[in-house]
Amino acid sequence: MAKTILLGGTHRPLKGYVSKMILFKLKCDGDHEFEGWFRDGATFDRQSARGQVSCPQCGSSTVDKAPMAPRPLRTLDTSSVEPTPPRVEEVRRALQVLRRHVETNCENVGSQFAAEARAIHNGTSKTRGIYGDSTPEESRALAEDGIDFQTIPWVPPSDA
Ligand SMILES: [Zn+2]
């Protein structure tokens, strides 16, 4: 079971952003070595071809990757221990906290979610956080209209 949520007012969307960057050793035509973060080798080649990569020491944009294997970001971690994935129980507890937060701060509009979300988006209803149920069709229509909402698993509340 899942609930659809529109966070209004001062709430920020619950979006996570994971960036994957690779560190490249670079070298200009003046033999200066420096480092740069790029999504991948192709991104470096593209930016370099446009003259967007320049040496911090002499400003030359004739820059090449130094002969060295690119280092993926995660090898820069100081700890050699891989982070353990969160356990099911931790995820469930986090979702319970999220559910309580939503129930406290958002208005339950039930099956009227899609209509109310659109009304808020159009400015014909008061800006606020709401939650409720929406069909896959309604969710798709909201997304197509650029309305920013989230769908979260709706776990049973904690016993505490
Ligand atoms: Zn240089």
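Every number here is computed from the coordinates shown, using simple stated rules; none is lab data. What you are looking at is a predicted structure, and each value in this text was computed from that prediction instead of being measured. Neighbour counts run over all protein chains shown; Cβ positions are idealised from the backbone, glycine included.
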query = Once amide H atoms are placed 1.01 Å from N in the peptide plane, what residues at a sequence separation of 5 or more from residue 3, or on another chain, have their amide H within under 5 Å of its amide H?
reply = 152, 154
key: Residues 155, 53 arranged by fewest to most Cβ contacts within 10 Å   = 155, 53
note = Placing each pseudo-label 7 Å from Cα in the direction of the beta carbon, residue 33 and residue 62 end up separated by a distance in nanometres of 2.1
